[in-house]
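All remarks here apply to the structure that follows.
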Amino acid sequence: MNDEADATGDKRFRILVCIDGSDESYLGLRYAAKLSHGLDSDTVLLYVRAIDLGMRSGGLQISVARENMLKWGLELPGIKYLKKGRDLLIEMGEMAPSWPEQSTHTDVDGTSLGDNKIEYTNEQGRKIVLKLKVARDIATGIIDQWELGEYDLYILGASEKWRKFSLASFRDPAVAEKIAVHAPCSVLVTRELEGSLGNLLCTDGSERAEEMIRRAAALSYTCGFPVSIISVAEEEEERSKAEANVAQAKNILVDMGIEPRDTVVRVGNPVDEIVDEGKKYSMVVVSDTSRSELKRFFMGSVAFKVLEESKHSVMVMR
């Protein structure tokens, strides 16, 4: 297997970590490494260059590009950022410099650089891939990775726009926003700030939310993070329903052998209440809207607004 689907039929948990050189992207890589402690997972570190940038490749010839990209030097930012990610994984003990490696080059129309990757494989068949990819734009390059092999989780840092202010218009959405809307799998958007109470799981009592509780709790347990539950009633008269939602979610966790750290019921605007409570936690986890709904409705959903307004990392589970 490379970064495409596993030809042997083995089904490992597969993580795509989008590296852009930001602190947030390496925060996401650290989370991926924690997941790898408890999962038989493969991890792809991806840096995407827009085609117009890919053409300005510092004089690199195609014959050079076909070689191991880490031997090109550090002229291209993507190589430097991917190498830093690899070195971080070595430092954390997630891979060793001695892992056998294989380099692959794929021609891409419109650029002399093409796609280049290095695949590292340990004795158990676990793989870590560094990939330098060119695409017409960064978001498209990330989303199109799904066509080369399905992933369980995309991880990327909050975009520069998203870190600075809340957008009122999505006519020119930033990369993180596009991925959150269009990615076919769960998406974790990492931010610089970290809370101290673990992961906050949000439920509205729906079957989709309950499935999210199961999956998110399993991932949190794998990483050693405590989990808490929140449900929000929009009116005081609905508090009992929110309390029932929390009780049901707690029962799900207890059946899994996981004791929730806290259970929280709030009354008010769901987005405001979740974002405010989420300040105490390292990550807020929400479920996506129904897959049958148009993607544009996700933009107006509680999940997307929490993702947009939260100060800490947010995972949207699909």
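The values are calculated or read from the model by the stated rules, or taken from the named source; none is laboratory data. If you're wondering where the values come from, they're calculated on a predicted model, not measured in any experiment. Here the Cβ is made from the backbone with ideal geometry for all residues, glycine too, and neighbour counts use every protein chain on show.
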**Message:** So the check is Cβ under 8 Å with 6+ separation or different chains; which pairs have a first residue in the range 19-37 that's farther than 17 Å from His312 by Cβ and a second one that's aromatic (Phe, Trp, Tyr)?
**Reply:** Ile19/Tyr26; Ile19/Tyr47; Ile19/Tyr81; Asp20/Tyr47; Asp20/Tyr81; Gly21/Tyr81; Leu35/Phe13
**Message:** Out of the strands (runs of 3 or more DSSP E) lying entirely within the range 199-318, which hold 3 or more residues that are under 23 Å from Leu188 (Cβ atoms)?
**Reply:** 199-202, 227-233, 283-287, 313-317
**Request:** Residue by residue through the range 149-160, note down the ones that are at pLDDT 90 or above and over 19 Å from Lys11 (Cα atoms).
**Result:** Ile155, Leu156
**Request:** Scan Ser98, Ser103 and give me the residue that is hydroxyl-bearing (Ser, Thr, Tyr) and in a loop (DSSP other than H, G, I, E, B).
**Result:** Ser98
**Asked** Which ones in the range 265-308 are among the hydrophobic types (A, V, I, L, M, F, W, C), at pLDDT below 85 and over 20 Å from Gly28 (Cα atoms)?
**Response** Leu294, Phe297, Phe298, Met299, Val302
**Residue that is farthest from His37 (Cα to Cα) [pool: residues in the range 106-122 that are assigned to a loop (DSSP other than H, G, I, E, B) and of a type outside the set (Asp, Glu)]** = Gly110
**Prompt:** Being closer than 21 Å to Gly21 by Cα, at pLDDT 90 or above and not small (Gly, Ala, Ser), is that true of even one residue in the range 161-183?
**Reply:** no
